[in-house]
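Peer 1: Just passing along the structure, written as structure tokens.
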Amino acid sequence: MTPTPATFTPATASQTAGPYWHMIDFPEWADLLRAGGPNAGAQGERITLTGRITDGDGAPCVDALVEIWQAGPDGRYDGGFHGFGRCATDQDGVFRFATLKPGPVPGLGNATQAPHILLTIFARGLMKHVTTRAYFAGEALNAADPVLNLVEEGRRGTLVAQPAGAGAWRLDIRLQGEGETVFLEI
Amino acid sequence: MPDPIPFRRPDPATQPPYDAPAYGSTHKRHPKQKLVTVPHTLTETSAPRFDPAFYPPQVDMSQVNGRAAMGERIIVAGRVTDEDGRPLRGAMVEVWQANSSGRYHHPRDQHDAPLDPNFEGRARLFTDAEGRYSFVSIKPGAYPWRNHANAWRPIHIHFGLHGAGFAQRMITQMYFPGDPLLPLDPVFNCTADEAARNRLVSTFDLDITKPEWALGYRFDIVLRGPAATPFESAP
Ligand SMILES: [Fe+3]
């Protein structure tokens, strides 16, 4: 075993990404399947994940930085699929990712997690990012998912994307107020 | 498969709150419901590996196509470690900032200060085997914002960090020593713990400074560490 380190320094404090983070926006990163990208030619079920981010007044968040992290269709994070994407919200507060549907992922112990995509939002007014998950409506594994089951039943729907056309999934995000999205402390 | 090693939960005093009354933009954007604490699964303990072939590094912000940006050239360097001092190797660091006049190369920045065609204000770096990074830039300028009367942001550089687990993902800001705007800034001051705030302030470092060329500043960054001590065989 490693001896207890003599020094412990708490993690650096988060600070808001502010309204000008677009200097590090590369719009092509929202397409995980982009030609010439790390997943070019990857096989699986092609999907889009779209959503609108609104604030406590229902106004669109037009300056948010959304990132996703997901497993590949094989349910692995360390397989061949590069499950990272970034997208800026547009003038309507909408983000859109093109990716492959993730497979089920191992949970703790012998548990299995239903297919899901981790979503993080950075923005002006968020001193630290918020984190949530997008599950897929109709997935049989959702009922036994260990994380979904930590959420009170009445709010669970805020984590479940709904079908919105062929291969299209939609999950709106409300930062505050009526129908507030369940955010995860990770 | 054994369960992954979770990350340590932060002491709330060392991180800012979502609801920071002095920072107006938090009023309508902070969650009001309690966050749901989830155990760390592979989803949280794994993270993307950023291959420089797809994410090419860019370490010199002080020029565009060989034409020097206006302002005071600086070198910023430091180490990225976890809370126990272990280096993060090959971590991708993203950096962005305003130019020397306090203006971002950004269509929504309407501050009445000159743009500099030779300053774009972004960099992408990867840490080495000891967790070290460095880049060349121009000292940014302070800029006004509309948070309160006569509000100015202290000069700062934005940093985005990607660790070995997505739970380590973090965006922060580096400040400069002796800035008179620091005591007035609600973004800097909303973190309760004074030592945690002060770790956001870089230090002037003569060892990083290059004679006849640029001043050097040190900014070390700490990402969350493992909650349990891993075995030494897992680097
Ligand atoms: Fe800024």
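The values are calculated or read from the model by the stated rules, or taken from the named source; none is laboratory data. Not measured: the values here are computed from a predicted model. We place every Cβ from the backbone using ideal geometry, glycine too, and count neighbours over all the protein chains shown. Calculation scope for accessible area: heavy atoms of the full protein, side chains included, ligands and nucleic acids excluded. Shrake-Rupley method; radii C 1.70, N 1.55, O 1.52, S 1.80 Å.
Peer 1: Are any residues in the range A:35-60 in a loop (DSSP other than H, G, I, E, B) and either open to solvent by 50 Å² or more (accessible area, probe 1.4 Å) or in contact (Cβ under 8 Å) with a residue 60 or more places away in the chain (or both), and if so, which ones?
Peer 2: Looking only at the range A:35-60, we keep the residues that are in a loop (DSSP other than H, G, I, E, B), and these are A:35-45, A:55-59.
Passing the criteria: A:Ala35, A:Gly36, A:Asn39, A:Ala40, A:Gly41, A:Gln43, A:Glu45, A:Asp55, A:Gly56, A:Asp57, A:Gly58.
Peer 1: Here is a follow-up. Examine the range B:103-116 for a residue that is buried (at least 16 other Cβ atoms within 10 Å of the Cβ) and away from the ligand (no atom under 15 Å from the Cβ), and state whether such a residue exists.
Peer 2: yes
Peer 1: Quickly run through the range B:144-169 and pick out the residues that are within 12 Å of the ligand (Cβ to nearest atom) and assigned to a strand (DSSP E or B). If you could, list the steps in order and put the result at the bottom.
Peer 2: So in the range B:144-169, the residues within 12 Å of the ligand (Cβ to nearest atom) come out as B:144-145, B:152-159.
Result: B:Pro144, B:Trp145, B:Trp152, B:Arg153, B:His156, B:Ile157, B:His158, B:Phe159.
Peer 1: Let me ask something else. Going through the range A:7-33 one residue at a time, which ones are farther than 20 Å from B:Tyr143 by Cβ, at the interface with chain B (Cβ under 10 Å from one of its Cβ atoms) and either of a type outside the set (A, V, I, L, M, F, W, C) or buried (at least 22 other Cβ atoms within 10 Å of the Cβ) (or both)?
Peer 2: Those that are farther than 20 Å from B:Tyr143 by Cβ, at the interface with chain B (Cβ under 10 Å from one of its Cβ atoms) and either of a type outside the set (A, V, I, L, M, F, W, C) or buried (at least 22 other Cβ atoms within 10 Å of the Cβ) (or both): A:Thr7, A:Thr9, A:Pro10, A:Ala11, A:Thr12, A:Ala13, A:Ser14.
Peer 1: Which of (1) modelled with pLDDT of 95 or more; (2) more than 16 Å from the ligand (Cβ to nearest atom); (3) in a loop (DSSP other than H, G, I, E, B); (4) facing chain B (nearest Cβ under 9 Å) is the odd one out, the single condition A:Gly72 does not satisfy?
Peer 2: Only one criterion in (1) modelled with pLDDT of 95 or more; (2) more than 16 Å from the ligand (Cβ to nearest atom); (3) in a loop (DSSP other than H, G, I, E, B); (4) facing chain B (nearest Cβ under 9 Å) is unmet by A:Gly72, namely (4).
Peer 1: Right, here's the next one. Give the number of residues within the range B:204-227 that are within 14 Å of chain A (Cβ to nearest Cβ) and more than 19 Å from the chain's Cα centre (by Cα).
Peer 2: Here the count works out to 2.
Peer 1: Taking B:Pro154, is it more than 10 Å from chain A (Cβ to nearest Cβ), surrounded by fewer than 19 Cβ atoms within 10 Å (Cβ to Cβ) and without any contact (Cβ under 8 Å) to a residue 60 or more places away in the chain?
Peer 2: Against the criterion (more than 10 Å from chain A (Cβ to nearest Cβ), surrounded by fewer than 19 Cβ atoms within 10 Å (Cβ to Cβ) and without any contact (Cβ under 8 Å) to a residue 60 or more places away in the chain), B:Pro154 does not qualify.
Peer 1: Spot the failing condition for B:Asp82; the list is (1) open to solvent by 10 Å² or more (accessible area, probe 1.4 Å); (2) more than 17 Å from the chain's Cα centre (by Cα); (3) under 30 Å from A:Leu108 (Cα atoms); (4) of a type in the set (D, E, K, R), and only one is missed.
Peer 2: Of everything listed in (1) open to solvent by 10 Å² or more (accessible area, probe 1.4 Å); (2) more than 17 Å from the chain's Cα centre (by Cα); (3) under 30 Å from A:Leu108 (Cα atoms); (4) of a type in the set (D, E, K, R), B:Asp82 misses just condition (2).
Peer 1: Still on this structure: State all residues of the range B:63-79 that are crowded, with 21+ Cβ neighbours inside 10 Å and not hydrophobic (A, V, I, L, M, F, W, C); if no residue qualifies, say none.
Peer 2: B:Gly78
Peer 1: Looking for whichever is in contact with a Ser or Thr (Cβ under 7 Å, 6 or more places away or on another chain) and outside any strand (DSSP E or B) here; the options are B:Gly141, B:Gly216. Which one fits?
Peer 2: That would be B:Gly141, the only listed residue that is in contact with a Ser or Thr (Cβ under 7 Å, 6 or more places away or on another chain) and outside any strand (DSSP E or B).
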